[in-house]
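Here the structure comes first, spelled out in structure tokens, and everything after it is commentary.
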Amino acid sequence: MMKDFMATVPTAMHAPSLDLQGMAALFGEQSKVYGFIVNDIASDLAKDRYSFEDLDEFQLNALDAETGREHAGRVYWTEMLYRAHMASVAAVFRTTRWIQVAIREHEAGSLYGCAAACRSLIESAGDIGLSLGPVAHTLASIKDQVKAEIAGRSSEPGLISKELEDSLIHFTHARKVGKTEEAPDSHKAMQSYKYIDYVDQMKIPGVKELYARFCEIVHPAAESVAVTFVAKDGNWIVDPFNESVVLQDLSAENRSTLSGVVMASYNAPLLILKTLHSFNLFTKLSSLRKYRFDNIPEWNRVAALLHS
């Protein structure tokens with residue numbers, strides 16, 4: 001239906017995995033639960049394929065006097081669930097890749113590399129939260145209507161959700177749009193500070209301050225220079241190993257904040273994936289049943305809707 005996405009996605013031969021000890025060392029022991037989950041579900045996330053009807057063909061089929069209403073509802077909501085699934089898979093894999101880079105650079109003692117990866121992870125967490133945070137709740141709240149649309153047995157006027165559609169498109173298609181370029185608002189990337197503000201609103205302690213510190217290290221700024229030198233016997237000397245010392249101190253001081261960023265990055269897509277089990281369109285992530293989500297308030301609200 002929407003020509004702005006790929007027609008099919010080939011099955012991946014290899015799915016990313018996480019080093020649990022590396023996660024604990026950088027992000028804290030609590031973060032390992034997400035490593036366990038990702039390692040359990042990653043291969044299953046690579047099994048699904050998605051197809052989208054050409055927009056002109058969709059519009060033509062939707063006008064059919066006898067089958068148009070049924071066709072429009074089925075295709076619109078099937079493709080909406082495809083988008084939700086694709087966005088969730090992408091969010092899980094993107095987060096995993098940033099964490100892998102951060103762990104690798106942390107183990108190498110690279111302050112610049114680890115700071116750059118963690119800084120990007122914070123921005124990514126905000127993007128995921130803003131775009132995908134409400135999706136599980138929205139789908140759970142209209143699950144019966146969506147199932148009826150997909151089955152072609154809805155007797156109600158056509159159900160659409162422009163807000164949900166725009167949120168999912170924003171996550172997958174947002175980019176920097178040129179000043180003279182025309183593009184829907186959903187395609188326009190937000191400024192980084194809005195993503196950081198969103199993570200801060202999730203009450204992750206110290207996240208704004210830590211992000212600012214990473215920026216000082218990654219950008220051409222005072223701290224990116226000062227790390228090269230240490231004071232000794234009244235002089236400044238070059239110490240190539242001071243970078244690793246600064247990194248270890250920085251990560252130790254901010255482990256709880258980094259753990260919160262990992263949580264913020266994974267929770268929304270995992271809740272969507274659990275919610276999508278109700279629609280029987282995708283590979284079942286049976287291993288998710290091993291993990292309890294009832295300590296996540298949003299999941300309790302979503303689960304209540306799914307079981308109502």
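Data table
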{"read-out": "Rounded if a/c under 1.5, otherwise prolate or oblate - the range 202-298, Cα gyration tensor axes", "value": "prolate"}
{"read-out": "Ranked list, fewest to most other Cβ atoms within 10 Å of each Cβ, for E243, E209", "value": "E209, E243"}
{"read-out": "Ordering of 52-59, 15-22, 114-121 by packing [mean C-beta count within 10 Å, highest first]", "value": "114-121, 15-22, 52-59"}
{"read-out": "Top positive-direction residue, dipole computed over the range 20-306 with Cβ charges, set I103, H173, Y82", "value": "I103"}
{"read-out": "Label point 7 Å beyond Cα of D197 along Cβ direction - residues of the range 102-145 with amide nitrogen under 19 Å", "value": "122-134"}
{"read-out": "Spin-label model distance (nm) - D185 vs I142, 7 Å beyond Cα toward Cβ", "value": "1.8 nm"}
{"read-out": "Protection proxy ranking, peptides 267-273, 106-112, average beta carbon neighbours within 10 Å, highest first", "value": "267-273, 106-112"}
{"read-out": "Virtual spin-label span in nm between W236 and A65, 7 Å along Cα→Cβ", "value": "8.4 nm"}
{"read-out": "Descending semi-axes in whole angstrom, ellipsoid equivalent of the chain, from the Cα gyration tensor", "value": "42, 21, 16"}
{"read-out": "Extended-chain gain in nm, criterion 0.36 nm per residue less alpha-carbon gap, H173 and K47", "value": "43.1 nm"}
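FYI, it's all coordinate maths here, none of it is from the lab. It should be emphasised that the depicted structure is a prediction, and the values quoted were computed from it without experimental measurement. Virtual Cβ from ideal backbone geometry, glycine too; neighbours counted across all protein chains shown.
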